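Taking it in order: structure first as structure tokens, then the write-up.
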Amino acid sequence: MSNPTEYTPPKVWAWDQGSGGKFASINRPVAGATHEKDLQVGRHPLQLYSLATPNGVKVTVMLEELLAMGFEGAEYDAWLIRIEDGDQFGSGFVAANPNSKIPALVDHSGETPVRVFESGAILQYLAEKFGAFLPATGAARAECLSWLFWQMGSAPFLGGGFGHFYAYAPDKFEYPINRYAMEVKRQLDVLDRQLAEHRFLAGDDYTIADMAAWPWYGMLVKGELYEAGEFLGVHEYKHVLRWADEIALRPAVQRGCKVNRAWGDPSSQLLERHDASDFETHD
């Protein structure tokens, strides 16, 4: 192993605003709003403020799946939050999510608006609101929620860990890349073993557990995340690949992946979504 310049931590850490690579300008050690900006509100009860990162895709896929099942109350407005521009630090967004991370959902269907933040919480909230994609009781519900929270706890090692040091860090060092690559491969093995015995993560049925995991691990093995498939040897995980391919064919997933997407081929982008017809106009 190579030995980069050794770092000796100071007695008291101080913020170096110039460090941090691609996202240095929006990373900071304090919370709260940096500027005043109200959130826009459209005509539907469900208002989503997001970006088509894996965490954002979870929720747009869920909403499109609900609409595909005929739940008219799942109609939504999706507003683009450009995180590289610091939109998540506007006062309105911070009121919706004090953690200043996408996605954030505000449900205006009742007398008092309900804010929901953290992607896993939004998936569970919507599943319970509409009675879909989450078993109601018993062992099946416990299994689904276990895999949902497995994803919430595991993906930071893939994104903020491996993804940061492999794809975004201003300098590449062997130790952190190897450390997080090992963990990501362990996670893929966990998924592969589960999917060797089950069609979907929680069993025979497609659930919010799959909607949570697919934008991270499905896109990873399909070569759409960090361009790291060959490096991680994702061809080894045959069952994850089978699962990833099956979910990618779902029309609601294909629509959900376009919403709030602000990069790539223009045909893959739908910056904002306010009606189902927006997909037709976009295409």
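Each reported figure results from applying straightforward, stated rules to the coordinates on display, with no laboratory input. Predicted model only: the values in this text are computed from it and were never measured. Using ideal geometry, Cβ is built from the backbone for each residue, glycine included, and neighbour counts are taken over all protein chains shown.
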- Message: Using the basic label-point model (7 angstrom from Cα toward the beta carbon), what is the T8 to R186 distance in nanometres?
- Response: 3.2
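Relative to the Cα centre, what is the charge dipole magnitude of the range 138-249, using +1 at the beta carbon of each Lys and Arg, -1 at the beta carbon of each Asp and Glu, and rounding to the nearest 20 debye? Don't skip to the answer; put the middle values down first.
Numbers: 10 positive and 16 negative charges, 37 e Å.
My answer is approximately 180 debye.
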- Task: Under 18 Å Cα to Cα from K172, which aspartates and glutamates show up? Leave out anything in the same chain fewer than 8 places away.
- Result: E6, E183, E227, E230
- Task: Can you tell me the order of 27-37, 76-86, 227-237 when each peptide is scored by its average per-residue count of other Cβ atoms within 10 angstrom, highest first?
- Result: 76-86, 227-237, 27-37
- Task: Whole Å is fine, so just give me how far the alpha carbon centre of the range 29-70 lies from that of the range 195-227.
- Result: 21
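For the range 42-189, rounded, prolate or oblate, judged on the Cα gyration tensor with a ≥ b ≥ c (square roots of eigenvalues), a/c < 1.5 rounded, else prolate if a/b > b/c? Please report the intermediate quantities before stating the final value.
Values: a/c = 2.56, a/b = 1.38, b/c = 1.86.
Oblate shape, in that a/c is at least 1.5 and b/c is the bigger or equal ratio.
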- So which lysines can K37 reach, going by Cα to Cα under 19 Å and dropping same-chain residues fewer than 8 places off? K101
- Query: How large is ³J(HN,Hα), in whole Hz, for each residue of the range 204-214 in order, when computed from phi with the Karplus curve 6.51 cos²θ - 1.76 cosθ + 1.60 and θ = phi - 60°, using x for Gly and Pro?
  - Reply: 7, 9, 6, 9, 5, 4, 5, 5, 6, 7, 4
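May I ask you to order 242-253, 213-224 by the average number of other C-beta atoms within 10 Å around their residues, highest value first? Show your work: numbers first, answer last.
On the way: 242-253: 17.0, 213-224: 22.8.
Result, highest mean first: 213-224, 242-253.
At 0.36 nm per residue, and after removing the present C-alpha to C-alpha distance, how many nm does the segment from A31 to T137 gain when stretched out fully?
Numbers: separation 106, 0.36 × 106 = 38.16 nm, distance 3.74 nm.
Gain in length upon complete extension: 34.4 nm.
Figure the gain on full extension for W15 and A262 (residue separation times 0.36 nm, minus the Cα-Cα span) and round it to one decimal in nm.
85.9 nm
For each of K101, K11, count neighbouring Cβ atoms within 10 Å of the residue's Cβ, then give the residues from fewest to most.
Values: K101 17, K11 4.
Ranking K101, K11 by Cβ neighbours within 10 Å, fewest first, gives K11, K101.
Let a ≥ b ≥ c be the square roots of the eigenvalues of the Cα gyration tensor of the range 32-73; is it rounded (a/c under 1.5), or, if not, prolate (a/b larger than b/c) or oblate? Kindly include the intermediate steps, with their values, before the conclusion.
On the way: a/c = 4.49, a/b = 1.64, b/c = 2.75.
Since a/c reaches 1.5 but b/c is at least a/b, the shape of the range 32-73 is classed as oblate.
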- Item | Computed over the range 138-249, the ratio Rg/Rh where both radii use C-alpha atoms and Rh is Kirkwood | 0.98
- Note on the structure: Counting only DSSP beta bridges fully inside the chain, the antiparallel percentage to nearest 5 is 60
- Ranked list, fewest to most other Cβ atoms within 10 Å of each Cβ, for T53, T60, T112: T112, T53, T60
- Item | FRET E, pair D38, Q269, Förster distance 22 Å, beta-carbon r, rounded to 0.05 | 0.30
- Message: If a paramagnetic tag sat 7 Å from the Cα of R82 along the Cα-Cβ line, which residues of the range 88-113 would have the backbone N under 17 Å from that point?
- Response: 88-91, 93, 102
- Query: Taking the Cα centre of the chain as origin and charging only Cβ (+1 Lys, Arg; -1 Asp, Glu), how large is the dipole, in debye to the nearest 20?
  - Reply: 620
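At a threshold of 8 angstrom on Cα-Cα distance, excluding pairs fewer than six apart, so keeping six or more, what relative contact order does the chain reach in percent? Present the calculation step by step, with values, prior to reporting the outcome.
Values: 419 pairs, mean separation 62.0, N = 283.
Result for the chain is 22 percent.
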- Message: How charged is the neighbourhood of A140? Take every other residue with its Cβ under 12 Å from the Cβ of A140, and add Lys/Arg as +1 and Asp/Glu as -1.
- Response: -2
